[in-house]
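S.K.: Attaching a single structure in structure tokens format; questions to follow.
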Amino acid sequence: KRGELSAGQRRYRRKIKGYRGFPRSSVSGGKTVSKLDLRYRCESCKKATTRKGFRIKKLEFVEA
């Protein structure tokens, strides 16, 4: 067995003990929200431009 009483081993044991993980918590699951893809189209020349996507659950357009 390794030197169970050495300082490094004690530090290692302390690190892996307790809530979650080894030595850093694990990444689990995916993102809950996907990025939005906005495209604007010019009414006169029909050229489309895209805006940088951002994360949003719901988007609603309201005419003012």
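Only the coordinates and a few stated rules stand behind these numbers; no lab work does. These numbers come from a predicted model, not from an experiment. We place every Cβ from the backbone using ideal geometry, glycine too, and count neighbours over all the protein chains shown.
S.K.: Can you name every residue in region 41-64 that is surrounded by 10 or more Cβ atoms within 10 Å (Cβ to Cβ) and either in a strand (DSSP E or B) or touching an Asp or Glu at 6+ places or on another chain (Cβ under 8 Å) (or both)?
M.R.: Arg51, Gly53, Arg55
S.K.: When the residues of region 24-36 are filtered to those that are surrounded by fewer than 10 Cβ atoms within 10 Å (Cβ to Cβ) and of a type outside the set (A, V, I, L, M, F, W, C), which remaining residue is farthest from Arg11 (Cα to Cα)?
M.R.: Of everything passing the filter in region 24-36, Thr32 is farthest from Arg11 (Cα to Cα).
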